[in-house]
Amino acid sequence: MADPHIQSPMDFWDYLTVILYRCGFVLAVPSVALLPYHFDWATKGVLLAAVLCAASLHIYLKHFRLLLQFATWAAAVCFVLDWQWLGLGAAFFTLGGLCFKEYFCFRVFGLNLQPLFLALLWLSLVMQATLAAQILSGIATLLLLILSIQKWRMPLHFDIGDKTKYQI
């Protein structure tokens, strides 16, 4: 997590990855919202959102960073093998984990429960529980929208934090 009092020098790649990371959350908003209605297109959007976020992670602890990135790789492989349900679950694992991480920055009510909402959304989609999927999609979308707005309101250097603390 970034400390607002620390502003590490940023290069082109730092700016690019922070922007891509934040764009991942922005793309997740309509993608999750459309899941109960346009599943095929929306799942591709969720996967792309997870890829944007995971490819641009700025997390100090390498174990968490690698776990979230591995889940996204697993999601991509599942989509290639046409195992959409497993791919969607793995992409939700990444996005839910990142929302949980971001909760500690913003303390948005419910954001720490986003992994649970996404897991229940996945389950309701698998079981074709349309009403539950629509409700959970709405809750998850609202939380992603609030997070996206909060992320874009803060300076880019907040996502980088102290570069000396990153584990390689």
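The values are calculated or read from the model by the stated rules, or taken from the named source; none is laboratory data. Just so we're clear, the structure is a prediction, and the values are computed from it rather than from any experiment. Ideal geometry is used to build each Cβ from the backbone, glycine not excepted, and the neighbour counts take in all protein chains shown. SASA here: full protein model, heavy atoms, side chains in, ligands and nucleic acids out. Shrake-Rupley method; radii C 1.70, N 1.55, O 1.52, S 1.80 Å.
Treating the Cα atoms of region 1-97 as identical point scatterers in vacuum, please give the log10 of the normalised Debye intensity I(q)/I(0) at q = 0.22 Å⁻¹, two decimals.
With no solvent term, the Cα-only Debye profile gives -1.08.
Kirkwood Rh over alpha-carbon pairs of the chain, then Stokes-Einstein at 37 °C and 0.692 mPa s: what D in µm² s⁻¹, rounded to an integer?
Approximately 206 µm²/s, per Stokes-Einstein.
Sorted by accessible area (1.4 Å probe), largest first, how do V51, V29 line up?
V51, V29
Per-residue HN-Hα couplings for region 28-41, Karplus 6.51 cos²θ - 1.76 cosθ + 1.60 at θ = phi - 60°, whole Hz, x for Gly and Pro?
Coupling constants for region 28-41: 5, 4, x, 5, 5, 4, 8, 3, x, 10, 9, 4, 4, 5 Hz.
Using Cα atoms only, what is the angle between the long axis of helix 84-106 and the major principal axis of the chain, expressed in degrees (0 to 90) to the nearest 10?
Between the helix axis and the principal axis of the chain, the angle is about 40 degrees.
Within region 1-51, which chymotrypsin sites (Phe, Trp or Tyr not before Pro) sit in a loop by DSSP and count at most 13 neighbouring Cβ atoms inside 10 Å?
Taking region 1-51 and a limit of 13 other Cβ atoms within 10 Å, the loop chymotrypsin sites (Phe, Trp or Tyr not before Pro) found are Y37.
Work out the length of the dipole vector of the chain about its Cα centre, built from +1 on the beta-carbon of each Lys and Arg and -1 on the beta-carbon of each Asp and Glu, and round it to the nearest 20 debye.
220
Over region 71-145, average the accessible area per residue using a 1.4 Å probe and give it in Å², no decimals.
It amounts to 50 Å² per residue over region 71-145.
Which loop-located trypsin sites (Lys or Arg not before Pro) does region 89-168 contain, where loop means any DSSP state but H, G, I, E or B and the Cβ has at most 12 other Cβ atoms within 10 Å?
R107
Gap in Å between the Cα centre of region 41-82 and the Cα centre of region 140-161?
If we compute the Cα centre of each part, the gap is 18 Å.
How high is the relative contact order of the chain? Use alpha-carbon pairs under 8 Å, at least six apart in sequence, and give a whole percent.
Once divided by the residue count of the chain, the mean separation gives 34 percent.
Residue by residue, what Karplus-based ³J(HN,Hα) values in Hz, rounded to whole numbers, does region 120-137 have, using 6.51, -1.76 and 1.60 with θ = phi - 60° and x for Gly and Pro?
Whole-Hz 3J(HN,Hα) from phi for region 120-137: 5, 4, 4, 4, 5, 5, 4, 7, 6, 8, 4, 4, 4, 4, 5, 5, 5, 4.
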